[in-house]
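Student: I have a structure I would like to understand better, so I am pasting it below and will then ask my questions one at a time.
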Amino acid sequence: MNKIFDCGILNFWYTNNYGAVLNCYALQETIKKLGYNPQVINYVKNRKTFDGRLSDCFSKKYLNLTDKCDTFDELKKLNRQTGTFIAGSDQIWRYRYFWPHGKNIFQLNFADSESKKIAYAASFGTDEFEGCRLDTALTKYDMQRFDAISVREDDGINICRDTFGVAATHVLDPVFLPDVKDWNELIDNSACKDKGFIASYVLDKSAHTDKLIDFTSQKIGTEKIINMVNAQSSKTCEQSVEDWLYAIKNCKFFITDSFHGACFAIIFNKPFICLANISRGYSRFKSLFEVFGLENRCILTADDTENNPDLFSEVDYSSVNTVLKTEKERSLNWLKEALKSPKQVQSVSQAQLDDIMEVIPVSYTHLRAHETGRNL
């Protein structure tokens with residue numbers, strides 16, 4: 001481990017999901033354009049389920065990875081290589097997701113007190129934190145060690161303030177930060193040539209989603225449908241990220257229950273319907289569509305398509321793009337400031353320790369065990 005880099009990025013890039021890898025790539029490339037040398041932390045939970053799959057294939061082509069970090073001690077060693085860590089983006093702070101993936105490493109508990117800690121567009125996925133009292137107290141301790149926090153949803157601001165006692169700013173998901181031409185450069189690596197089709201990207205298929213796709217096919221007047229795969233259920237890289245982007249950009253109409261599927265529909269100015277995936281977190285959908293004034297493109301059930309002409313009306317992308325330009329500039333400015341600002345002087349307060357001791361009747365050695373990673 002002798003590589004020196006400006007900042008280490010930690011997120012769920014390895015989870016074999018198109019949105020996750022593109023989210024990570026977008027943040028990496030944005031930070032590079034700001035003049036820094038970032039590295040994506042090569043932490044992969046249960047690495048045996050990773051080789052040869054979507055994230056493995058994509059990362060070898062496009063991500064600047066650190067050496068492998070499979071243990072807490074290996075993550076700690078990264079402090080020798082950089083003084084800044086960035087957590088984000090995506091649902092890295094949703095308890096049911098981050099806890100099985102390494103507990104509080106996604107709150108950067110491996111970062112030394114001297115290291116700067118930033119969260120960019122972190123997401124809780126829901127409108128409340130799902131952890132128990134003890135896990136909430138431990139997470140609060142780590143959250144209060146951050147120098148700057150931004151979140152992806154309005155609900156995240158409330159959770160940060162009310163549950164963890166920290167301030168947070170609402171920013172755009174990283175996929176909105178690159179220019180469209182940057183995404184087109186990836187699409188140029190696709191061999192796809194299809195035209196005149198409806199595209200669907202549905203993570204949780206059911207009779208209801210099939211009904212939605214069939215209804216849309218009849219409404220649009222085309223039987224040519226490209227149904228993109230859920231990469232998490234595939235043991236190989238059946239469809240590349242470049243092909244996935246091609247399908248969204250070049251379709252006549254797009255149907256999805258994916259947050260990032262909806263994001264790229266907006267980026268490429270496509271007509272679309274989003275069936276909000278409640279089990280995967282509705283808060284993020286709600287916040288996204290409110291920002292862009294696209295609430296009428298989101299439905300909760302396939303039955304909502306009937307007698308709903310707004311779903312197939314033309315999207316006013318001139319207005320959407322105006323909002324996007326403003327929000328992108330604001331989000332980039334936040335990230336620039338967070339990266340260039342000096343490290344804040346921080347210390348563990350008695351109040352922070354008391355929060356933890358209130359819910360666990362043992363000595364402070366439990367906290368020290370938490371800090372040294374024995375809770376991984």
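Student: How many residues does region 162-182 hold that are closer than 26 Å to ASN321 by Cα and buried (at least 20 other Cβ atoms within 10 Å of the Cβ)? Outline the logic, then answer.
Tutor: Restricting attention to region 162-182, the residues satisfying the condition of being closer than 26 Å to ASN321 by Cα are 168-182.
So of that shortlist, the ones also buried (at least 20 other Cβ atoms within 10 Å of the Cβ) come out as 168, 171-178.
Count: 9.
Student: Within region 98-114, can you find the residues that are open to solvent by less than 20 Å² (accessible area, probe 1.4 Å) and among the hydrophobic types (A, V, I, L, M, F, W, C)?
Tutor: Within region 98-114, PHE98, ILE105, PHE106, LEU108, PHE110, ALA111 qualify.
Student: If you check PHE254 against the conditions, is it within 25 Å of THR326 (Cβ to Cβ), over 19 Å from the mean Cα position of the chain (by Cα) and crowded, with 21+ Cβ neighbours inside 10 Å?
Tutor: yes
Student: As an exercise: evaluate ALA148 against (1) farther than 15 Å from CYS7 by Cβ; (2) surrounded by fewer than 24 Cβ atoms within 10 Å (Cβ to Cβ); (3) among the hydrophobic types (A, V, I, L, M, F, W, C) and give the number of the one condition it does not meet.
Tutor: Result: ALA148 fails condition (1) only.
Student: Hey, another quick one. I'd like to verify a number: residues in region 98-114 that are outside any loop (DSSP other than H, G, I, E, B) and out of contact with any Phe, Trp or Tyr (no Cβ under 6 Å at 6 or more places or on another chain), how many?
Tutor: 4
Student: With respect to LYS117, determine if the residue is modelled with pLDDT of 95 or more, open to solvent by 20 Å² or more (accessible area, probe 1.4 Å) and either in a strand (DSSP E or B) or out of contact with any Leu (no Cβ under 8 Å at 6 or more places or on another chain) (or both).
Tutor: When the stated conditions are applied, LYS117 does not pass them.
Student: More than 29 Å from VAL241 (Cα to Cα), touching a residue at least 12 places away in the same chain (Cβ under 8 Å), surrounded by fewer than 22 Cβ atoms within 10 Å (Cβ to Cβ) and hydrophobic (A, V, I, L, M, F, W, C): which single residue out of LEU138, LEU134, LEU186 fits that description?
Tutor: One residue alone meets the criteria, LEU134.
Here is a yes/no grid of residues against (1) in contact (Cβ under 8 Å) with a residue 24 or more places away in the chain; (2) assigned to a strand (DSSP E or B):
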{"site": "ALA199", "(1), (2)": "yes, yes"}
{"site": "HIS208", "(1), (2)": "yes, no"}
{"site": "ASP214", "(1), (2)": "no, no"}
{"site": "LYS219", "(1), (2)": "yes, no"}
{"site": "ILE226", "(1), (2)": "yes, yes"}
{"site": "LYS235", "(1), (2)": "yes, no"}
{"site": "LYS249", "(1), (2)": "yes, no"}
{"site": "ILE255", "(1), (2)": "yes, yes"}
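The values are calculated or read from the model by the stated rules, or taken from the named source; none is laboratory data. These figures come from a predicted structure and were not determined experimentally. Ideal geometry is used to build each Cβ from the backbone, glycine not excepted, and the neighbour counts take in all protein chains shown. SASA here: full protein model, heavy atoms, side chains in, ligands and nucleic acids out. Shrake-Rupley method; radii C 1.70, N 1.55, O 1.52, S 1.80 Å.
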